[in-house]
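Asker: Please read through the structure below; I'll follow up with questions.
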Amino acid sequence: MSHRSITSYLSIALLCLIVSGCTESTDPKILAARQSALLMESPGNSESIKLAREASENGDEFIISGKVGVRDLNEWWVDGYATFWITEASQDDTNHGGPGHDPASCPFCSRKYKETVAVIQCVDEKGNVIPLDAKTLFNLQTGDLVTVKGKGEIDESGILNVKTSGIYIHPQQ
């Protein structure tokens, strides 16, 4: 086969993939779950995880933002479930100890770790955690910024667990 024939064949194959949709398709179950959980725009102004913890005591809905992942956890997701950890967005690890760092108000230095993290549980209309891995469902990566709307409760370890009514994934910067 000549170089020209190979080039023509590859061009036609690429065109087939683009035009005819012969690319890998996403499972309809994943698409439906993603559509039911994702918000197309941010749900509004978020509050701190500390204030959300207080709102959860009253059963109130709240909005929080955070970065996916927690510095001290190797895995920030739960295999097989749309559950993941976030860290308070204003408490980004890159600013910890940096210029202007105030150890007296720093939750890490003050040992207020539980006030700066939350477990996010994306739930279906019945309130059950969606049985799909959050990384697969939302294509989340460590450090992604999310804003979630939901209600929460403090678990036995003192961590805020949020059952979402919607999640907004901020575009990459």
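The values are calculated or read from the model by the stated rules, or taken from the named source; none is laboratory data. Keep in mind the model is a prediction, meaning the values are calculated, not measured. Here the Cβ positions follow ideal geometry from the backbone for every residue, glycine too, while neighbour counts run over all protein chains shown.
Asker: In segment 58-82, how many residues are within 18 Å of G143 (Cβ to Cβ) and part of a strand (DSSP E or B)?
Answerer: Number satisfying all stated conditions: 6.
Asker: Additional query: Looking at (1) surrounded by 12 or more Cβ atoms within 10 Å (Cβ to Cβ); (2) at pLDDT 85 or above; (3) within 21 Å of E47 (Cβ to Cβ); (4) of a type outside the set (V, I, T), which is the one condition that is false for L132?
Answerer: Status for L132: all satisfied but (3).
Asker: If you scan segment 119-137, which residues turn out to be part of a loop (DSSP other than H, G, I, E, B) and more than 19 Å from L73 (Cβ to Cβ)?
Answerer: Correct list: D124, E125, K126, G127, N128, I130, P131, L132.
Asker: Which residues, counting only those in segment 28-45, are touching a strand residue (DSSP E or B) at 6+ places or on another chain (Cβ under 6 Å) and either within 17 Å of G158 (Cα to Cα) or exposed (fewer than 12 other Cβ atoms within 10 Å of the Cβ) (or both)?
Answerer: Once the filter is applied, which keeps residues that are touching a strand residue (DSSP E or B) at 6+ places or on another chain (Cβ under 6 Å) and either within 17 Å of G158 (Cα to Cα) or exposed (fewer than 12 other Cβ atoms within 10 Å of the Cβ) (or both), segment 28-45 yields only G44.
Asker: Can you confirm whether segment 111-118 contains a residue that is modelled with pLDDT of 90 or more, part of a strand (DSSP E or B) and β-branched (V, I, T)?
Answerer: The answer is yes; a qualifying residue exists.
Asker: Here is a further query. Which residues, taken from segment 77-109, are exposed (fewer than 13 other Cβ atoms within 10 Å of the Cβ), among the hydroxyl-bearing types (S, T, Y) and modelled with pLDDT under 65?
Answerer: Once the filter is applied, which keeps residues that are exposed (fewer than 13 other Cβ atoms within 10 Å of the Cβ), among the hydroxyl-bearing types (S, T, Y) and modelled with pLDDT under 65, segment 77-109 yields only T94.
Asker: Another question, then. What number of residues in segment 138-173 are outside any loop (DSSP other than H, G, I, E, B) and either within 10 Å of the chain's Cα centre (by Cα) or under 20 Å from G44 (Cβ atoms) (or both)?
Answerer: Residues meeting the conditions: 18.
Asker: For segment 135-149, which residues satisfy the criterion of being modelled with pLDDT under 95 and of a type in the set (K, R)?
Answerer: Within segment 135-149, K135 is the sole residue that qualifies.
Asker: A follow-up question, please. Can you confirm whether S48 is more than 17 Å from Q121 (Cα to Cα), surrounded by 11 or more Cβ atoms within 10 Å (Cβ to Cβ) and either modelled with pLDDT under 75 or in contact with a Gly (Cβ under 8 Å, 6 or more places away or on another chain) (or both)?
Answerer: No, not satisfied.
Asker: Also, quick follow-up: Can you confirm whether A55 is over 13 Å from Q141 (Cα atoms) and touching a residue at least 40 places away in the same chain (Cβ under 8 Å)? Step through it out loud before you land on a result.
Answerer: Working: over 13 Å from Q141 (Cα atoms): yes; touching a residue at least 40 places away in the same chain (Cβ under 8 Å): yes.
Here the answer is yes, as A55 does meet what is asked.
Asker: Please go through (1) surrounded by 10 or more Cβ atoms within 10 Å (Cβ to Cβ); (2) modelled with pLDDT under 90 for S25 and return the number of the only condition it doesn't satisfy.
Answerer: Evaluating S25 over (1) surrounded by 10 or more Cβ atoms within 10 Å (Cβ to Cβ); (2) modelled with pLDDT under 90 leaves (1) as the failure.
Asker: Out of the residues in segment 51-70 that are touching a Gly at 6+ places or on another chain (Cβ under 9 Å) and aliphatic (A, V, I, L, M), state the one that is nearest to W85 (Cα to Cα).
Answerer: My answer is V68.
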